[in-house]
Amino acid sequence: MHRLFLRVASAFVVSQFFISVIAEEFEIIEFETKQLSDRYFSEGANGGDIDGDGITDVVYGPYWYRGPSYSERFEIYPPVEQDRNRYADNFFSWVYDFDGNGKSDVFVVGFPGTPAYLYQNPDSDLNSASEDVDSTANASPMGHWQKYQVLDWVSNESPQVLDLVGDENPELVCTRDGFFGFATFDSKDPFETWVFHPISERIAPPRFGHGLGVGDVNGDDRMDIIFSGGWFEQPEVAPALTRWKLHPVAFSTSYGGADMHAYDVDGDGDSDVLTSHAAHDFGLGWYENQGEVDGEIRFEHHLIMGDQPNQNRYGLVVSELHSVALTDVDGDGLKDLVTGKTYWSHHRQSPMWDAPPSVYWFCLTRNDDGEIDWVPHLAGDQPGIGRQLSVCDLNQDALPDFVIGGMKGAHVLIQKKRVVDRKTWEASQPARYVSEGLRRDRGELPIFDETGRIPLAIEAEAMEVLNPSDGSWSKQDMAGFSSARWSGDAQLFWRAGKVDAELSLGFEVPSDGDYKIAAVFSIARDYPMVTVTVDQGLLSESLDLYHYPDVKTTGLVPLGEVQLKRGKHHLTVSVTGENASAIPAKFVGFDCLVLMPVVDKK
C-alpha cells in the first residue's frame, strides 16, 4: 500500500489527501470543507441525530444544523455572538439522549470554572424554529429548549464525556476544586444536579489545566484517566467512592496539551499514550509502553512534530494543538491522529498566532521492520480548530468526517474518495524533509570553574552600555532556571522590542594578539534573531535565539577569529528578525563573551 498527498480544486475548499494503491487502482481521500457559520459562538462543535430522522446533525453554540445539507439552523437557546478578543461562554457540546425518551439532548460545558448545562430536546415540532443559515434574523423563541444547570463548576480545558466506569451511561471527566474526577447523573432524572466524584488528591489546577484523557493504560479492561503528569488507575470495585492510584509519568515535554489517548501504536499488544504537548505552543508525540519495571510501566517518548521543521519527517510545524482526536481515517485498521491550528486561541500571545488555520490528520503507518511513521495530510486550510474537534459520520457512508467549532465559526469537513492515475500518484508522493545540517547558532556546553563562571568569560551584565539604543536593559538573575546554567548565574536582559534595534557594549582586551571569540546567549520562545559585530566587523550570520519550550543557552557559539589590540573595544548586538515560531516580543538574553588567545596559529 502506498500513501501520499495530492491537491485538487473543488466547489468547496479541498484538502491535500491520502492515496492507497490496490492493484492498479489509486484511491484518494479528500475533504470538502463547508462553512456553517462565520460567527463566533463556541469553542467546539459536535454531531448527533437531533430530529430523529437517522441523519447526523451538527450542534454549534446556540444552534443545531439539520443534516445532510446543513442549510437550515434552529435555535437551542437565544444566540449571542461572542467577542473574539475574549472567549466564549460555550466551549464544548455533546449530543446524547440523557433522559432516555428517544430524543437527543445537548450537554454544554462553558469557559473553565463556570457551570455546565443540559438542554432538553423539546417535545414540540423541532421544525417550528427554523431559519436559513444565511439569514441574520433570530428564530422564534418558541423553539428554545429547556435549560438545566447540572453542575456549578467544571474545570480543565479538555473534558471528556464517555462511559468511564462501565455502567452504560456517559460520565463527564474533568477537574473541580483541584481534584481530578468525574461527574455522574441519575438516569431517572438527569436534569437534577450531577454528582462529582474526586479520584485524586488536590493536585489539579483549580480552574484551567491542559491535557486530559481516558483509556485503558495497563490492559486490565478498565478505563483509566490520563493527564499530563501521569495516569490514575481505575480500581476494580467502587470507582466512584475511592481515590484511584496515581502513576506519575511525564506525558508532556511542557505544561500539557489537549485530549489524551491510550492506543497500541506499535502493535505489540500494550497501550501507548498519545498527546499534544502544549496547547498554546508546540509539540505532538506518543509515549511507547516499555513494560513494567519495579511494578511501574515505563514509557519512551517519540516526537511526531515539534517547533522546528527538522523535528518532523515532513518538515511540518503547527502550533497550538488544543484538540486531538484519534480515529481510523483511511480504513486501514490503524487509528490516526486529527488535530490542527487553534485559531486565535490566545490572540497575539502565542507563537505563530497568524499562521494558516489548518486541520491535519496524521496517518499511522508501520513497516515490516517495526518502524512507526505519522504521515501528515492536510484536511482543510481555512477552518482551524477550537478546543473541541469532533469526529462523526455526517453522511452515513461509514467514513469519518470532522466537525469543528471555534473563532472562525463552524465547519464540517466531509470525506470523499475517488480514483487517480499512476502518473498523478507518482508525481505527488510527499518528500521527506531534508535537514540543513548542524545549526551554526548552537555550540558546545561550556565548562564552569569553581566560582561558577566560564573561564575567560567577560560577563555581559558587567559590560558598559555605550549607546542609548532601543528598549531597556537590566541584569537578570538566572539562578532560578534549572533548564540550563549561566556564567555567574546572571545575564544581561535586553528588551529590544523591534527589528533593527541595536545595543553596543564596551569590553577590555588584556593584551595585543589574535583571539578566537565565542559568545553565550540565552534561547527562549520570545527571543529573536541577532547578529554580533566587534569594532564594526561582523562576526556572525544571524543567530536564531528562538527555542521552545524552556529557557536554555546557545552553548559556546564560535564567532570567529580576530586580531585585537590591548584596550577598549565595543561589541554590538543587532536584532535582524525572528523565527516564524517565536512570540514577537524580541527579548535578548546575553550571558557572556569569551576571548580565547590563539597561542600557536600553525
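The values are calculated or read from the model by the stated rules, or taken from the named source; none is laboratory data. Computed from a predicted structure; not experimentally measured. Every residue, glycine among them, receives a Cβ derived from its backbone with ideal geometry; neighbour counts consider all protein chains shown. Remember, those area values only see protein heavy atoms, side chains included, never the ligands or the DNA or RNA. Shrake-Rupley method; radii C 1.70, N 1.55, O 1.52, S 1.80 Å.
Brief remarks follow.
- Test: VAL293 is among the β-branched types (Val, Ile, Thr), free of Cβ contacts under 8 Å to residues at least 60 places away in the same chain and open to solvent by 40 Å² or more (accessible area, probe 1.4 Å): yes
- Lone unmet requirement of (1) aliphatic (A, V, I, L, M); (2) crowded, with 21+ Cβ neighbours inside 10 Å; (3) more than 23 Å from HIS302 (Cβ to Cβ) for VAL419: (2)
- Those strands (runs of 3 or more DSSP E) lying entirely in the range 24-71 with at least 3 residues open to solvent by 10 Å² or more (accessible area, probe 1.4 Å) and over 16 Å from LEU389 (Cβ atoms): 25-37
- Restricting the range 437-453 to residues that are modelled with pLDDT of 85 or more and of a type outside the set (D, E, K, R), the residue that is surrounded by the most Cβ atoms within 10 Å (Cβ to Cβ): PRO446
- Neighbours by Cβ (under 8 Å, 6+ apart or cross-chain): first from the range 464-481, closer than 19 Å to ALA585 by Cα; second open to solvent by 80 Å² or more (accessible area, probe 1.4 Å): SER469/GLU502; ASP470/LYS498; ASP470/GLU502; GLY471/ARG495; GLY471/LYS498; SER472/ARG495; TRP473/ARG495
- Residue check, PRO159 under 18 Å from PHE92 (Cβ atoms) and not charged (D, E, K, R): yes
Per-residue answers, yes or no, for (1) under 23 Å from the mean Cα position of the chain (by Cα); (2) without any contact (Cβ under 8 Å) to a residue 24 or more places away in the chain:
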site: TYR60; (1), (2): yes, no
site: TYR65; (1), (2): no, no
site: SER69; (1), (2): no, yes
site: GLU75; (1), (2): no, no
site: ALA88; (1), (2): yes, no
site: TRP94; (1), (2): yes, no
site: PHE98; (1), (2): no, no
site: VAL106; (1), (2): no, no
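- Leading residue by the ranking (surrounded by the most Cβ atoms within 10 Å (Cβ to Cβ)) among those in the range 524-550 that are aliphatic (A, V, I, L, M) and in a loop (DSSP other than H, G, I, E, B): LEU545
- In the range 108-120, the residues that are in contact (Cβ under 8 Å) with a residue 40 or more places away in the chain and not polar (S, T, N, Q): VAL109, GLY110, PRO112, GLY113, ALA116, LEU118, TYR119
- Search result, residues across the range 259-279 that are polar (S, T, N, Q) and either open to solvent by 20 Å² or more (accessible area, probe 1.4 Å) or closer than 23 Å to VAL165 by Cβ (or both): SER271, THR275
- If the condition is being assigned to a loop (DSSP other than H, G, I, E, B), of a type in the set (Phe, Trp, Tyr) and either open to solvent by less than 40 Å² (accessible area, probe 1.4 Å) or in contact with a helix residue (DSSP H, G or I) (Cβ under 7 Å, 6 or more places away or on another chain) (or both), then the range 78-105 contributes PHE91, PHE98.
- Residue pairs meeting the criteria (Cβ under 6 Å; at least 6 apart or on separate chains; first farther than 9 Å from TRP494 by Cβ, in the range 585-597; second acidic (Asp, Glu)): ALA585/ASP526; CYS592/GLU459
- Within the range 267-284, residues that are within 22 Å of ASN312 (Cβ to Cβ) and of a type in the set (Phe, Trp, Tyr) have Cβ atoms under 8 Å from residues that are open to solvent by 10 Å² or more (accessible area, probe 1.4 Å) and not in a loop (DSSP other than H, G, I, E, B) in no pair, counting only partners at least 6 apart in sequence or on another chain.
- Of all residues in the range 123-176 being at pLDDT below 95 and assigned to a strand (DSSP E or B), the one that is surrounded by the fewest Cβ atoms within 10 Å (Cβ to Cβ): ASP132
- Residue pairs meeting the criteria (Cβ under 9 Å; at least 6 apart or on separate chains; first farther than 13 Å from SER228 by Cβ and of a type in the set (Phe, Trp, Tyr), in the range 192-211; second open to solvent by less than 80 Å² (accessible area, probe 1.4 Å) and in a loop (DSSP other than H, G, I, E, B)): TRP194/PHE185; PHE196/ASP177
Yes/no matrix, rows are residues, columns are (1) closer than 14 Å to PRO376 by Cβ; (2) assigned to a loop (DSSP other than H, G, I, E, B); (3) more than 11 Å from the chain's Cα centre (by Cα); (4) small (Gly, Ala, Ser):
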position	(1), (2), (3), (4)
HIS261	no, no, yes, no
VAL265	no, yes, yes, no
GLY269	no, yes, yes, yes
TYR287	no, no, yes, no
GLU292	no, no, yes, no
ASN310	no, no, yes, no
GLY315	yes, yes, yes, yes
ASP332	no, yes, yes, no
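Residue by residue, here is whether (1) under 24 Å from the mean Cα position of the chain (by Cα); (2) surrounded by 23 or more Cβ atoms within 10 Å (Cβ to Cβ); (3) modelled with pLDDT under 95 holds:
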| position | (1), (2), (3) |
| --- | --- |
| ASP512 | no, no, yes |
| LYS552 | yes, no, yes |
| GLN563 | no, no, yes |
| ALA580 | yes, no, yes |
| ASP591 | no, yes, no |
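- Every listed requirement among (1) open to solvent by less than 40 Å² (accessible area, probe 1.4 Å); (2) closer than 29 Å to GLY283 by Cβ; (3) out of contact with any Pro (no Cβ under 9 Å at 6 or more places or on another chain) is met by PHE507 save one, (2).
- Candidate set from the range 239-258 (those that are outside any loop (DSSP other than H, G, I, E, B) and open to solvent by 20 Å² or more (accessible area, probe 1.4 Å)); member that is farthest from GLU300 (Cα to Cα): LYS245
- Taking the range 196-216 as the range and being exposed (fewer than 15 other Cβ atoms within 10 Å of the Cβ) and in a strand (DSSP E or B) as the test, the residues that pass are GLU201, ARG202.
- Of all residues making up the range 44-61, the number that are touching a strand residue (DSSP E or B) at 6+ places or on another chain (Cβ under 6 Å) and not small (Gly, Ala, Ser): 7
- Residues located in the range 484-501, provided they are surrounded by 16 or more Cβ atoms within 10 Å (Cβ to Cβ) and charged (D, E, K, R): ARG485
- Evaluating ASP220 against the criteria (1) over 30 Å from TYR148 (Cβ atoms); (2) more than 27 Å from the chain's Cα centre (by Cα); (3) touching a residue at least 60 places away in the same chain (Cβ under 8 Å) leaves one unmet condition, (3).
- Subset tally (residues that are in contact with a Gly (Cβ under 9 Å, 6 or more places away or on another chain), closer than 19 Å to LEU593 by Cβ and surrounded by 13 or more Cβ atoms within 10 Å (Cβ to Cβ)) for the range 462-483: 6
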